[in-house]
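Below: one structure, written as structure tokens.
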Amino acid sequence: MTAKEYLAQAFRLDQRINSKLEQVSRLRNMAMKATSSFQAERISGTKQHSPMESSLVKVIDLEYEIDADIDRLVDLKREIIEVVNSVQHPECQLVLELRYLSYMNWEEIAERMNYSYRQIHRIHGQALSNIRIDC
């Protein structure tokens, strides 16, 4: 895994979390639309679950999965911060932080740091060459 791929993991995980949050929202909306059928009670040894109950159980399971992903994201960001802090040059550190922890695009970074787009890419390349990832 290259340094760039390692650093980009946080962004991808964050995207997956956001996707799952959207899924939870849609599932909640669908669960609220689910209706129970009103039938005479059947006597049997097994309990029948309503569609709404089944939907809500799935939503809760997905929310637990999201919580686990968020925990992984926090741990990964902590690791990335350590890697970024190992880079000697402060401007290289700032470019890496803005790109891989704040998820800014190159134009935003250039504007924020008052550098040209080309200069930001040069600093980024220099920063990446100073990173060693032990995978």
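Every number in this text was worked out from the coordinates using simple rules, so none of it is lab data. Bear in mind the structure is a predicted one, so any value in this text is a computation, not a measurement. Here Cβ is always computed from backbone atoms with ideal geometry, including for glycine, and neighbour counts include all displayed protein chains.
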Self-check item: Size of region 66-119 as Cα extents on the principal axes (Å, biggest first)
Solution: 39, 24, 13
Quiz prompt | Within the chain: Cβ-based charge dipole about Cα centre, in debye rounded to nearest 20 (Lys, Arg +1; Asp, Glu -1) | solution = 360 debye
Self-check item: Rough spin-label spacing in nm, given labels placed 7 Å along Cα→Cβ, for Lys77 and Asn130
Solution: 2.3 nm
Exercise. Could you work out the local net charge near Lys33, counting Lys and Arg as +1, Asp and Glu as -1, over the other residues with Cβ closer than 15 Å to its Cβ?
Key: +2
